[in-house]
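Quick one: structure below, then a few questions.
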Amino acid sequence: MPRMRTVNYDLKRRGKTWYVRKRVPSDVAIVYGKTVVEESLKTRDVMEARRRRDVRLKELDAIWQNLREGGSSSELEQLYKAHQQEQGEPPLLSTEAEPVTASDVLREELDAAAIRWGVRAGHLEDSSSSDDIAIVRDRYVDQTNEGRDLRDRLAAATGSISIKVAGEAWLAVANVTEGTKTEYRRFLNRASEVLPIVDRVTPTLARKFIQGEAKKRSRKSIANQQTALCGLWSHEGLDPSIWKRFRVDVGVAKLNRDIWTEDDLKLLFAKCKSVRLKRAMIIALYTGTRAMEVAGLRYDEERDLIIIDRESTKTDAGVRVLPCPAVLRSVIKEWVRQPMSKQSISNRFSELKSSLGFGRTKVFHSFRHTLLSRLHSDGVQEATAQLIVGHRPNNITYGTYGNKVDVEIFRPILDALDWQGVVGEVG
């Protein structure tokens, strides 16, 4: 157990002022009129607070023993006050009520909620000390959403802010896509569960957090997590380098995605019961679009074009316009009339492919790889295929001027694709 908690038993701090807090023994609580004694020690110095606490606890023990013997508490209280005045010592107790602040109310609410939770969970008994309550309060914050919410509200009331709350304020003005915001929000919420408020995160805590996350994430995921935290720290006017000034040993190797074979596709489409999910799958198969791109695509019926704008894609290169393949036209029209969200596509497809025994190497993104493989086998130039699926071509000429290519040159390529033998009727 940390030494600070041991030496600070029966002490608590409100703001910068120390208080003594002691449970009244149950056999005298009714006569004494209280179940808990909580009194200001009128000092901000922890060493002085410990001294005053020890004096006051001896007084309280004597008062409670006097009550057990049939005496009164008021007589001894007066004697103790008179003795302190004779010794020239300041009174230990507050003679004037201190103003109650919003943070005081939230501290009380957090303590009360933590005690209730601790009693239900069997972590606290009637004889529990302030030391036990402090430990249970930390557990309550670490293990419950209600505890973290109270902690965040208390931090805000004292002029501090949690990573989660600060992250929402930053994401509201961040110049990134909605898909990226969703990913960043997940990373920031995870950090908020483990780390303290923003201005108390030290370089050591930052390094330990990232190293801990690296044991269960891929290198790309960790890099994105670091980018999110660096962005937030820059927004808060803090040093973002605390998230990247160390080496990261990633524990999860990059997972390569396999393509769908014709037999795989036949099984997927035959077992899929959702017409809308089938539409999402066939659109991805003909256009190489990601789940978020399928969810947010638009259709220009007059020009027969599929439009993927910046809000619907992961990268700048993903912004593109594609001719709608003839066999896909009716599917696209139905899709834009009744689309699915990116999350729904991912969740429903994951359930489908898992039920059929497909592992982690085959996902919705595999439709993209499957299309690229088919374009390659059809003899389509690599740079052209990259433009179709929204990759930035490596070739300098295509990379610089590729977005100026007339999209109609893609129409015969996409019209030549024939997946009807494996996808069947979609509707």
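May I ask you to list the residues in the range 30-53 that are in contact with a Pro (Cβ under 9 Å, 6 or more places away or on another chain) and on the phi > 0 side of the Ramachandran plot?
Within the range 30-53, K42 is the sole residue that qualifies.
I'd like to check which helices (runs of 4 or more DSSP H) are fully inside the range 245-326 and have at least 1 residues that are under 27 Å from Q420 (Cα atoms) and hydroxyl-bearing (S, T, Y).
Numbers: elements: 262-271, 275-287, 291-296.
Output list reads 275-287.
Also, quick follow-up: Would you say V165 is out of contact with any Gly (no Cβ under 7 Å at 6 or more places or on another chain) and assigned to a loop (DSSP other than H, G, I, E, B)?
Values: out of contact with any Gly (no Cβ under 7 Å at 6 or more places or on another chain): yes; assigned to a loop (DSSP other than H, G, I, E, B): no.
No: the conditions fail for V165.
Need at least 2 residues that are without any contact (Cβ under 8 Å) to a residue 12 or more places away in the chain, under 30 Å from D309 (Cα atoms) and not acidic (D, E) per element, so show me which helices (runs of 4 or more DSSP H) inside the range 174-243 make the cut, counting only ones lying wholly within it.
Working: elements: 178-194, 203-214, 219-235.
Helices (runs of 4 or more DSSP H) meeting the threshold: 178-194, 219-235.
Counting only residues that are polar (S, T, N, Q), touching a residue at least 40 places away in the same chain (Cβ under 8 Å) and either in contact with a His (Cβ under 9 Å, 6 or more places away or on another chain) or buried (at least 17 other Cβ atoms within 10 Å of the Cβ) (or both), how many does the range 364-392 have? Spell out the reasoning first.
Quick first cut of the range 364-392, residues polar (S, T, N, Q) only: 366, 370, 373, 377, 381, 384, 386.
Okay, now just the ones that are also touching a residue at least 40 places away in the same chain (Cβ under 8 Å), so 366, 370, 373.
Still in the list and also either in contact with a His (Cβ under 9 Å, 6 or more places away or on another chain) or buried (at least 17 other Cβ atoms within 10 Å of the Cβ) (or both): 366, 370.
Summing the residues that are polar (S, T, N, Q), touching a residue at least 40 places away in the same chain (Cβ under 8 Å) and either in contact with a His (Cβ under 9 Å, 6 or more places away or on another chain) or buried (at least 17 other Cβ atoms within 10 Å of the Cβ) (or both) in the range 364-392 gives 2.
A follow-up question, please. Mind counting the residues in the range 225-267 that are among the aliphatic types (A, V, I, L, M), in contact with a helix residue (DSSP H, G or I) (Cβ under 7 Å, 6 or more places away or on another chain) and farther than 20 Å from A169 by Cβ?
Residues flagged as among the aliphatic types (A, V, I, L, M), in contact with a helix residue (DSSP H, G or I) (Cβ under 7 Å, 6 or more places away or on another chain) and farther than 20 Å from A169 by Cβ within the range 225-267 amount to 4.
Could I ask something else about it? Looking at the range 338-363, which of its residues are surrounded by 12 or more Cβ atoms within 10 Å (Cβ to Cβ) and either within 14 Å of Y299 (Cβ to Cβ) or outside the structural domain of P412 (by TED's automatic domain parsing) (or both)?
Result: P339, single match.
Here's the yes/no breakdown for (1) assigned by TED's automatic domain parsing to the domain that holds V176; (2) hydroxyl-bearing (S, T, Y); (3) touching a residue at least 40 places away in the same chain (Cβ under 8 Å):
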position	(1), (2), (3)
T287	no, yes, yes
R290	no, no, yes
R298	no, no, no
R303	no, no, no
T313	no, yes, yes
L328	no, no, yes
V336	no, no, no
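The values are calculated or read from the model by the stated rules, or taken from the named source; none is laboratory data. As the structure is a computational prediction, the values presented were derived from the model and not from experiment. Neighbour counts are summed over all protein chains in view; Cβ atoms, including those assigned to glycine, are modelled from backbone coordinates with ideal geometry.
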